[in-house]
Each structure stands twice: as C-alpha cells, then as structure tokens.
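Beneath this line is the structure, given in structure tokens, with notes to follow.
The values are calculated or read from the model by the stated rules, or taken from the named source; none is laboratory data. All figures in this text were calculated on a predicted structure; none of them were measured in a lab. No Cβ is skipped: glycine too gets one built from the backbone with ideal geometry, and neighbour counts run over all protein chains shown.
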Amino acid sequence: MSLNYQFFIKENLDAYIGEWIAICKNQIVAHGSNVKEVFKQAREKYPKEKPLVTRVPEKETMIFLFIR
C-alpha cells in the first residue's frame, strides 16, 4: 500500500468533501472541482512524483466491491 494511499485512508478530509485532491509525500498538494486541473497543479509542484488523485466522497457514499 502506497504512503499516499495510507495518508488518504487515515487523514480527516472533511474540508475536501466532494472535491478532487492530489496527494504527494503525505500531503495534499492540490484540490478543486476539476480533476485535470488538480492533476496539472500536482505535477507542476512535484514533477518527479506520481500523485494520488482521488475524489473525496460524500459521507453517505456507499462503495460496492464485486469479486468473481
């Protein structure tokens, strides 16, 4: 499990609900409503890193996992 993903799972992200966030080196380096812009900002700040870009889900979001 990557460090960026561990940060996403453990961090309180309530301030970013409904937004896209980019995480590099255990910190949020960009956020907003446009995923392409968030990714672009993250790459500009950390060109050699591979940011984790994800949308912070609403509290009521339900995730389904289908296993075959």
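Within segment 54-66, can one find any residue that is surrounded by 12 or more Cβ atoms within 10 Å (Cβ to Cβ), modelled with pLDDT of 95 or more, out of contact with any Ser or Thr (no Cβ under 9 Å at 6 or more places or on another chain) and not in a loop (DSSP other than H, G, I, E, B)?
Checked against the condition, which is being surrounded by 12 or more Cβ atoms within 10 Å (Cβ to Cβ), modelled with pLDDT of 95 or more, out of contact with any Ser or Thr (no Cβ under 9 Å at 6 or more places or on another chain) and not in a loop (DSSP other than H, G, I, E, B), segment 54-66 yields no hits at all.
What are the residues in segment 1-42 that are assigned to a loop (DSSP other than H, G, I, E, B) and among the polar types (S, T, N, Q), if any?
Here is the first cut: in segment 1-42, the ones assigned to a loop (DSSP other than H, G, I, E, B) are 1-2, 11-13, 17-19, 25-26, 33-34.
Those that are assigned to a loop (DSSP other than H, G, I, E, B) and among the polar types (S, T, N, Q): 2, 12, 26, 33, 34.
Pairs please, first residue from segment 1-20 and surrounded by 13 or more Cβ atoms within 10 Å (Cβ to Cβ), second anywhere and among the charged types (D, E, K, R), Cβ atoms under 6 Å, 6+ apart in sequence or on different chains.
As it stands, the answer is 20/55, since those pairs meet every condition given.
Every residue, every condition in (1) out of contact with any helix residue (DSSP H, G or I) (no Cβ under 9 Å at 6 or more places or on another chain); (2) small (Gly, Ala, Ser), yes or no:
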{"site": "18", "(1), (2)": "yes, yes"}
{"site": "26", "(1), (2)": "no, no"}
{"site": "33", "(1), (2)": "yes, yes"}
{"site": "39", "(1), (2)": "yes, no"}
{"site": "42", "(1), (2)": "yes, yes"}
{"site": "45", "(1), (2)": "yes, no"}
{"site": "50", "(1), (2)": "no, no"}
{"site": "53", "(1), (2)": "no, no"}
{"site": "56", "(1), (2)": "no, no"}
